[in-house]
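A.B. asks: Just dropping this structure here.
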Amino acid sequence: MELRRNVPVVAATLVAGLLTFGAIRLRTGPVQRRVTFTVGEVQAVHAEVKAGGRTVRGVARLGAGDVVETGPDGRGRLRLDDGTTAVLDRATRLVIGREGLKLERGQVMVMGMAGARAAIEAGGATTVLADATVAVSADGAGARVYCASGEAVVRRDGERTLRSGETATLTAGAVAVAPEKAFNDWTGGMATPWSAAGKPRAAIGELWGRLSNVTDEGGSPLAVRQHLVEARVDGETAHTQVTTTYFNAGNGSVGGDFRMALPAGALVSRFAIRRKNSEKAGTIAIVDEAPLPDNQPGPERLEWAGDGWVRGTLPPIEPGATVSVVVEYNEWLSPLGGRLSYRYPMAAEGKRAVIGEFKARIDTSYANPVSIFAGQGAVVDGAVVEVTRADYRPAADLVVEMELPPNTLGAARGYVARAPEGDDGGSYVLVRTEAPEARAVDGVTLALLIDTSQSVDPALLDAERSVIEAVLDGLGANDRAVVLAADQGARPVGPDTLGPVTPERRQATRQALAALRPGGATDLGAALERAADALPADAPEAMVVYVGDGWPTVGATTVDSIRGRLARRAGGVPRLGAVAAGPLANRIGLAGLVRGSGPVLEVADRSDAAATAVHLLAEALRPAVAGVELDLGPGVDRVYPRGSRAVLAGDTALAVGRFRGSPPRSIKVRYRRGATTVEEVRSIHIPAAADEADLRRRWAAARVDELTLRGDGREAVVDVARRVGLLTPWTALTIEGSARIRSQPLELRTLDLAAGAAPLSARLATPSAAFGTLVGPEAWLPGTTGGDDELKSAAAQAAKRTLDEAMGSVRACRDSRAALRPELTGELRVHAAIDGEGRATKVRVAADRASDDDPALDRCVEVVVGGLAFFPSGLKTTVEVDHTLKLPPPRQLRGTTCSRTSTLPLAVRRGVWLEALRRARSESEVYLRAKASCELPTWTDRRALLELILDRLPRGSQRVAQARALDDAGEADAAAVLRREAIRRVATPDELREVRLALLANEGVPALVFRKAYQAATTDEARLAVVRRFLQLAPHDGALRRQLLALLEALGQKDRLLVEIDRLRLDPFADASLLADGEARVVGGGGLVG
């Protein structure tokens, strides 16, 4: 490290720094500091939210006695330092007390933390809960308390237990408890885990130990004996050293797998491992992706594991031994509103481990604050904040805010670092200055752009609709919005101009959204420009939000060309946000378009929509300044970031660059005020850099981001990162000191590649191949005579397909017998005779093995088969069908033991699943085992594992095979995802044929039989009947479908033609040419079709 070094670039720089900024670095005499203790924080989701009389935009800390109020459209969420969280609805007034909360009016939902006591007072009673969730409403007449999960105790004139599903009604005279008939969940996605920086991620690292001879488990976490946090705030920077000591309480040696999250924007500066009295520090090395032998961990190292994540590998830890992991990182703090805020993240998803001894020490003396605001029950001694706990289970972040003396920081600051030896690129400079303040408005202004192009399949379009609807549901009359659909152009969805979000506008837009269908190419640049033009010039906080897969196919098709098109507008590049839809989304393209001006979120299906909308609204609520750009002058080159971007009002904008000679003494700051570009010249003051090595890493990180957005290769990134000790996917800190090391493949090391604005994660999460729809040869079966035998053969194949499609009903029959015969499994042999009208007769069902036979099950399945509608062959003889149905494994009636992995956050579970997939014989087995072990509680979790499975299977036929295995196990929804993605991800003609054979093997048209029937028909109506009949044999046959469209056009049946086109849009088997043919026929004429 190079802490507190100040080697001047030129003498003038040193003098200017000492004269201007000596107060930042030097301790002054005794200072009378005001100390305020905080107990939690509130996040505004929608205006208006006030805390202690102050309007909240973003997150604000709370003290005991503060009152949190929401306006008629306001909504917010709260977290206390003990882990209790609450969601506040509109028109709510909540008092923060030392012993709990007090609801004076409105409604809240309170979620208690396991091991912590939460209390809320309402209606003259106090409700106490732990590891439970209650919804509380209060008005002048009394209060109601509904227990959504767990148990609570209502105290007033005694105690009443409130169990899950019950409501306590509190009136002046009594407390009445009764089952709730129906509860309206008004939270709308706000009750999901959250933190000030997005998803909660704790910097308290976990060390998982794995026995060397165990290959089918992710291991188990080692006990945390001690966790020490040493932080120093120095000017605008904070340096943190985290030392965690782990204890192996087992009876065997275990290899260590270390996982840790970093605060947003933090860069690792040092990594070390302590054993007994010895400490060894890591040095930078290049990572070669040569696979390691099984059960060989490789050298001790710390590696990049996704944006904001690091992962370490430790050699075996003996039983009864301890090992300490030391990670140091630097971050820059924004002096927003004259306050610096240091946050040590400890809130996380899942259950946190108990820490034997927790100590945190934050030294703020070099910031010279006049006021300190400290949470977590801290002790403040002068300028030092300390928190000490024993047997501690952290549940909320440790936050220390520092109010600075007036005019402590200049208008612009330039921090300088020398180039290391051998680097002739010049010195480094990092310039920071604040964006101007912007007027606060009561609502938000949004142009919502939904992608409806052909690349968006129906399931993803449904997810996109859900996001738009959830955003509109969260807006009110003080907000303005317009919704546009994007394909070759952009067209309004609902009202065609921007306007207040009234119930009428919301309903009209919802109806228009329901009518959207995918189709056409994608001109993303034109659509974004149209959306930007819909926003008023006098609303700098307004945002264009794109929801889609981000793949342009016509017009401007690169990030630079799209941003260039937007920059040529009179209003310049607007504030942008994006929601990446689906696993194949162009996340790197969306990250490049947004470039830090707004959020980049993700949605896999409609279940993610509500939480995504809440995050989006919370970001949009914060006022911003558009078109901010820092010009460091001609003497500074290789300046990053490039171009203009939106910056939160009053927040810090920065730029880094290289220079020779003297550092810049002034900068030009450009930004937009309405339709006008404003340019200010600000003088640069040169304070001493707290850590020159961190400045060099900041420039390198910015250059790596630029290289990634440009699509440059690994070699360019490695060269930049290696020089300054920057962690990337291809560089690591290793204890052994080698210049190059071997490591596991990147996909096995990565913990989280969630969509976000970080270019490296976005690049690695973006698929490199272009995917298509399933286009292939038609299913026409050769024949010689066109006689009954050929028709019988095709009808028998269609009957088997009908039986397979009825497996849901067969499974229901099996489940109805599970209580008496839980072991029922194996195969059922089905025989049926299908008459010419498609009715099943002579149905017989029996188990393949006599020992598995169950007469009651047989009779149930016989009833199911007898009720099915089969292909009406029109033959006078029956079609004999014999088919085997495989029963899924029996359901477990006893409760299963949840795995240790089930307690981990999704990002960490993802890494465990990757390792399990690497070792498993069958990907479907990993999915079934994870579900049985409580690791897949929500569809979001299941979808995440299914995406990993899809990535592991390179061929479409392999994906179809795993889908069939999941179907056999009763996981129909998961199987449907794999089948759909097998179609979407077809990349070559050979793969296309494989997938078609695997999915459509039971579809076929007897060519001669069809031609005889078609030629025998003398009218278009008769021909249409023939085509519809044979489509039952091959529902996805392109030739028959094209003939169907032609006949509907010839008969003038435009309404039915539109229905068929809608079906084609929803069908992944339909190729683009067939869909285009159908749309062209909408405007066609009639006539006889031969």
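Derivation of every value follows stated rules applied to the coordinates shown; laboratory data play no part. What you are looking at is a predicted structure, and each value in this text was computed from that prediction instead of being measured. Methodologically, a virtual Cβ is constructed for each residue, glycine included, from the backbone with ideal geometry; neighbour enumeration extends over all protein chains shown.
A.B. asks: Is there a quick way to get the dipole size of the chain? I mean about its Cα centre, with the Cβ of Lys and Arg at +1 and of Asp and Glu at -1; what is the value in debye to the nearest 20? The partial results should precede the final answer.
C.D. replies: On the way: 139 positive and 136 negative charges, 329 e Å.
Roughly 1580 debye for the chain.
A.B. asks: Related question: What is the sum of charges around residue 446, taking Lys and Arg as +1, Asp and Glu as -1, for the other residues whose C-beta is under 12 Å from the C-beta of residue 446? Numbers along the way, then the final one.
C.D. replies: Values: positive: 480, 575; negative: 479, 541, 619.
Result for the local shell: -1.
A.B. asks: Alpha carbon centre of segment 136-182 versus segment 263-280: separation in Å?
C.D. replies: 50
A.B. asks: Another question, then. Non-local amide H neighbours of residue 651 (under 5 Å, H modeled in plane, Pro and chain starts lacking H): which ones?
C.D. replies: Hits under the 5 Å cutoff: 435.
A.B. asks: Measure nothing fancy, just the Cα-based angle from helix 923-932's long axis to the longest principal axis of the chain, in degrees from 0 to 90, nearest 10.
C.D. replies: With rounding to tens, the tilt is 70 degrees.
A.B. asks: Related question: Can you compute 3J(HN,Hα) from phi for each residue in segment 809-814, using the Karplus curve 6.51 cos²θ - 1.76 cosθ + 1.60 with θ = phi - 60°, rounded to whole Hz and x for Gly and Pro?
C.D. replies: My calculation for segment 809-814 gives 5, 5, 5, 5, 4, 5 Hz in order.
A.B. asks: Straight-line reach only, C-alpha to C-alpha below 14 angstrom: list the aspartates and glutamates that residue 931 could link to, leaving out same-chain residues fewer than 8 apart.
C.D. replies: Correct list for residue 931: 923, 941, 971, 973.
A.B. asks: For segment 34-103 and segment 849-879, what is the separation of their Cα centres, given in Å?
C.D. replies: 63
A.B. asks: A further question follows. Which order do the peptides 80-87, 911-918 take when ranked by the mean count of other beta-carbon atoms within 10 Å per residue, highest first?
C.D. replies: Numbers: 80-87: 23.5, 911-918: 21.8.
Ranking the peptides 80-87, 911-918 by packing returns 80-87, 911-918.
A.B. asks: Taking amide H positions as placed 1.01 Å from N in the peptide plane, with prolines and chain starts having none, which residues 5 or more places from residue 728, or on another chain, fall under 5 Å of its amide H?
C.D. replies: Close amide H contacts, sequence-distant or interchain: 304.
A.B. asks: On full extension of the chain, what length is gained from residue 491 through residue 841, given 0.36 nm per residue of separation minus the C-alpha to C-alpha distance?
C.D. replies: Working: separation 350, 0.36 × 350 = 126.00 nm, distance 5.42 nm.
Using 0.36 nm per residue and subtracting the Cα-Cα distance, I get 120.6 nm.
A.B. asks: Please rank 681, 960, fewest neighbouring Cβ atoms within 10 Å first, as an exposure proxy.
C.D. replies: Values: 681 11, 960 22.
Sorted ascending by nearby Cβ count, the order is 681, 960.
A.B. asks: While we're here: Any chance you could check the Cα centroid distance between segment 420-455 and segment 930-991 for me, in angstrom?
C.D. replies: 37
A.B. asks: Work out how much length residue 1012 to residue 638 would gain on full extension: take 0.36 nm times their residue separation and subtract the Cα-Cα distance, in nm to one decimal.
C.D. replies: 127.3 nm
A.B. asks: Estimate the FRET efficiency between residue 856 and residue 833 by the formula 1/(1 + (r/R0)^6), using the beta-carbon distance for r and 22 Å for R0, to the nearest 0.05.
C.D. replies: On the way: r = 23 Å, r/R0 = 1.06.
The pair residue 856/residue 833 has a calculated efficiency of 0.40.
A.B. asks: Could you state the angle between the C-alpha long axis of helix 1020-1031 and the longest principal axis of the C-alpha atoms of the chain, as a value from 0 to 90 degrees rounded to the nearest 10?
C.D. replies: 70
A.B. asks: If I fit a long axis through the Cα atoms of helix 788-805 and take the longest principal axis of the Cα atoms of the chain, what angle between them do I get, 0 to 90°, rounded to 10?
C.D. replies: Once rounded, the angle reads 40 degrees.
A.B. asks: Starting from 0.36 nm per residue, how many nanometres of slack lie between residue 197 and residue 557 once their C-alpha separation is accounted for? Please report the intermediate quantities before stating the final value.
C.D. replies: Working: separation 360, 0.36 × 360 = 129.60 nm, distance 3.15 nm.
The span from residue 197 to residue 557 would gain 126.5 nm if fully extended.
A.B. asks: Taking Rh as the Kirkwood radius computed over C-alpha pairs, what is the Stokes-Einstein D of the chain at 10 °C in a medium of viscosity 1.306 mPa s, expressed in µm² per second? Present the calculation step by step, with values, prior to reporting the outcome.
C.D. replies: Values: Rh = 32.4 Å.
D, rounded to a whole number, is 49 µm²/s.
A.B. asks: First measure r as the distance between the Cβ atoms of residue 98 and residue 934, then evaluate 1/(1 + (r/R0)^6) with R0 = 30 Å and state the FRET efficiency to the nearest 0.05. Mind dumping the intermediate values first?
C.D. replies: Working: r = 37 Å, r/R0 = 1.22.
Once rounded, the FRET efficiency stands at 0.25.
A.B. asks: For the pair residue 1019 and residue 1062, what calculated FRET efficiency results from E = 1/(1 + (r/R0)^6), where r is the Cβ-Cβ distance and R0 = 30 Å, to the nearest 0.05? Working shown, then result.
C.D. replies: Working: r = 26 Å, r/R0 = 0.88.
Result of the calculation: an efficiency of 0.70.
A.B. asks: Same structure, new question: Could you derive backbone 3J(HN,Hα) for segment 571-582 from the dihedral phi with the Karplus parameters 6.51, -1.76 and 1.60 (θ = phi - 60°), listing whole Hz in sequence and x where the residue is Gly or Pro?
C.D. replies: Taking θ as phi minus 60°, the curve returns x, x, 6, x, 5, 10, x, 8, 10, 6, 9, x Hz for segment 571-582.
A.B. asks: Which cysteines does the chain leave without a neighbouring Cys Cβ under 4.7 Å?
C.D. replies: Among the cysteines of the chain, those whose Cβ sits 4.7 Å or more from every other are 147.
A.B. asks: Among 246, 392, which comes first, then next, by fewest other beta-carbon atoms within 10 Å? Can you show the working numbers first?
C.D. replies: On the way: 246 26, 392 19.
Sorted ascending by nearby Cβ count, the order is 392, 246.
A.B. asks: Could you check the simple spin-label distance between residue 677 and residue 848, using points 7 Å along Cα→Cβ, in nm with one decimal?
C.D. replies: Each label point lies 7 Å from its Cα, and together they span 7.2 nm.
A.B. asks: Say the cut-off is 24 Å between C-alpha atoms; which of 50/181; 199/280; 276/359; 792/842; 842/1012 go over it?
C.D. replies: Values: 50/181 34 Å; 199/280 33 Å; 276/359 20 Å; 792/842 17 Å; 842/1012 31 Å.
Violating the 24 Å Cα-Cα cut-off are 50/181; 199/280; 842/1012.
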